[in-house]
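Asks: Mind looking over this structure? Questions follow.
The values are calculated or read from the model by the stated rules, or taken from the named source; none is laboratory data. Keep in mind it's a predicted model, so treat the numbers as computed, not measured. All Cβ positions, even for glycine, are placed from backbone atoms using ideal geometry, and neighbour counts span all protein chains on display. Note: accessible area is taken over every heavy atom of the protein model, side chains too, but ligands, DNA and RNA are not part of it. Shrake-Rupley method; radii C 1.70, N 1.55, O 1.52, S 1.80 Å.
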Amino acid sequence: MKIDHYEARFAGVGGQGVILAGKILAYGMVSFEDCRAIETPTYTAQVRGGATKVDVVIDKNHIEYPRTEYLDFFLSLHQKSFNIYFKDIKNDAIVVADPNLTPKIPENIPQKLILVDLIEIAKREMGKTLYSAVMAVGVFAGLTRIIKESNIQKAVLDNAPKGTELDNLKAVKIGIELGKKARKSKEKIIKLSIDDVSIPESGK
Amino acid sequence: MKKSARFYSGAELVAKAAIDAGCRFYGGYPITPSSEIAEFMSVMLPKVGGTYVQMEDEIAAMGTIIGASLAGVKSLTATSGPGFSLKQENIGYAYMAEVPCVICNVMRGGPSTGLPTALAQADIMQAKWGTHGDHPVIALTPAYLEEIYELTIKAFNFSEIYRIPVMLMLDEVIAHLSAAINLPEKESLVIKDRRKPSVPPEKYFPYDTAYGDVPPMANFFEGYRYHVTGLSHDKTGFPTTDPELVQADQERHLRKVNWKKNEIVDYEYYLMKDAEIVIFAYGSTARAARVAVDNARKSGIKVGMMRFRVIWPLPEAEILKLCGRAKAIIVPEMNMGQLSDVIERYAADRTKIIRINHVGGVPIHPTDIHNKIREAL
């Protein structure tokens, strides 16, 4: 990792897999990027369908204060969690959201906004919306380059349940390509849909 | 960071440390934010020949670990505030019957069902006075993942050495936190086991003080039979109301921990040598305090921290000394002042006590503490 400190938040509702997304990212940073990372999930009493988030704090050195202070990255897969957890975000942070599930994002937010039809893409390309979280970490990697493409792929493979490795690899690759596409754009609001998906080579 | 470092959550470390300490039984009832500990134990225990039982409620869960421990098996349960309340009657039973066991409480907001899944340090006093009557208390408050592992093992050791239930008090931040850490080599661990009787069953008395304040403990199903009760009892284990015996027994119970206090108290000084302002903190709140101390030191403020790894018993002599010396004392807590009340008694008007009490479920931020440090100047 090129910078000293980075904070990311993935928010959604219980069952979408956002907590796993945070785990994969933190694991990847520690295992393959030679830095420290902690991951803290937050969920409500209503586990399935309740607002959920995971915070990942990444640092070159020891992390003393274990919570986020100023987020560099925020991703939302649901309006409910956007409303609760869209705070402490830097003005120059990147915000990613699925516009179908997070339809009410204020237009005047200062951050760069990337709207990706993550759920729809997961459903159409992978056959299951479940893959949207892994796709999201791919988007993160392609967009921010905080973690190398190859390293996020390794992290996904190490954390994928047996038998789902290839599908998860495909999902993260789709995410990476979408992220790269968004990175190239200079627009303040970028929209990415199923038409922007480039199918990566199938995993070996 | 060594290559062998592995990703652990706080909850997983409680489970791992328990098993490494020799725990082979878990009886529990899931409750957030402690449910992950039950989940890990349910996966890990069967692999080492241990037993996991999910009980019908918190009260029964506490009963199972007392029973398992009487049969010679080191036992753990995990819970949170509401469950901790329910367990208190049986915790008292474990004190009275002198049954070693460990109760992990991942604290959340209260009273009642309060703030599920959110952060608090609301049960510090319940750990001390939750069950009725006088009893010796050992409660540990780790602040780091490495420390969760270390202090969980210590909790089991204390429970075995003193034959008491021991409280392992976590908060949501460190229980849910995951990071890569290195664990100590298994060979380097110090594991204590209860002292067993050296006499045959016919000569054995379960509460025989001839062997010291902590009588040897026979396991059930090994030929030794004795009576276990929550009533005051004599050395045979059968109830007694003899005032002298009851008095002597109560005093012995308290002595078990009070006389060994020096071996139990556990704290860390951070930049305390020249500190004029002193922060007393524990658990994850201490991590915010440490950042605040570092920041204040940068602007030349002489501030330091005393952090309690064991919250009960407290190192009274050291606290008394600091209260006489410090210009001001700051106590940040995720409750309405459970430790500050105690510190205030030690301070006895000799110094100013500044409290920081957050109970909204969000952590105390280093800036909150930094502001109070400036206020103390």
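Asks: What residue, among those in the stretch A:87-103 that are touching a strand residue (DSSP E or B) at 6+ places or on another chain (Cβ under 7 Å) and open to solvent by 50 Å² or more (accessible area, probe 1.4 Å), is nearest to the other protein chains (Cβ to nearest Cβ)?
Replies: This residue is A:Asp88.
Asks: Shifting gears a bit: Only one of A:Gly28, A:Gly50 is in contact with a Gly (Cβ under 9 Å, 6 or more places away or on another chain), small (Gly, Ala, Ser) and within 13 Å of another protein chain (Cβ to nearest Cβ); which?
Replies: Unique residue meeting the criteria: A:Gly50.
Asks: From the set of residues in the stretch B:155-188 that are more than 14 Å from chain A (Cβ to nearest Cβ), over 26 Å from B:Val228 (Cβ atoms) and in a helix (DSSP H, G or I), which is most open to solvent (accessible area, probe 1.4 Å)? Spell out the reasoning first.
Replies: Pass one, the stretch B:155-188, residues more than 14 Å from chain A (Cβ to nearest Cβ): B:155-169, B:183-188.
Then drop every residue that is not over 26 Å from B:Val228 (Cβ atoms), which leaves B:169, B:183-188.
Within this subset, residues satisfying the condition of being in a helix (DSSP H, G or I) are B:186-188.
Working: B:Lys186: 127, B:Glu187: 152, B:Ser188: 74 Å².
Here the answer is B:Glu187.
Asks: Collect the residues in the stretch B:319-377 that are within 25 Å of the chain's Cα centre (by Cα), more than 14 Å from chain A (Cβ to nearest Cβ) and assigned to a loop (DSSP other than H, G, I, E, B), keeping them in residue-number order.
Replies: Selection gives B:Asn335, B:Met336, B:Gly337, B:Val359.
Asks: Within the stretch B:268-297, can you find the residues that are farther than 23 Å from B:Leu119 by Cα and either open to solvent by less than 10 Å² (accessible area, probe 1.4 Å) or more than 14 Å from every other protein chain (Cβ to nearest Cβ) (or both)?
Replies: If the condition is that a residue be farther than 23 Å from B:Leu119 by Cα and either open to solvent by less than 10 Å² (accessible area, probe 1.4 Å) or more than 14 Å from every other protein chain (Cβ to nearest Cβ) (or both), then B:Tyr269, B:Met272, B:Lys273, B:Asp274, B:Ala275, B:Glu276, B:Ile277, B:Val278, B:Ala296 are the ones that fit.
Asks: Still on this model: Being closer than 30 Å to B:Val106 by Cβ, surrounded by 13 or more Cβ atoms within 10 Å (Cβ to Cβ) and not assigned by TED's automatic domain parsing to the domain that holds B:Phe84 is true for just one of B:Val137, B:Val214. Which residue is that?
Replies: B:Val214
Asks: What are the residues in the stretch A:1-24 that are under 15 Å from A:Ile147 (Cβ atoms) and within 11 Å of chain B (Cβ to nearest Cβ), if any?
Replies: A:Gly22, A:Lys23, A:Ile24
Asks: Could you identify the single residue in A:Pro103, A:Pro66, A:Pro110 that is under 21 Å from A:Lys23 (Cβ atoms) and assigned to a loop (DSSP other than H, G, I, E, B)?
Replies: A:Pro66
Asks: For B:Asp57, work out the one condition from (1) under 19 Å from the mean Cα position of the chain (by Cα); (2) open to solvent by 20 Å² or more (accessible area, probe 1.4 Å) it doesn't fulfil.
Replies: (1)
Asks: Looking for something small (Gly, Ala, Ser) and out of contact with any Ser or Thr (no Cβ under 7 Å at 6 or more places or on another chain) - is there at least one such residue anywhere in the stretch B:27-34?
Replies: no
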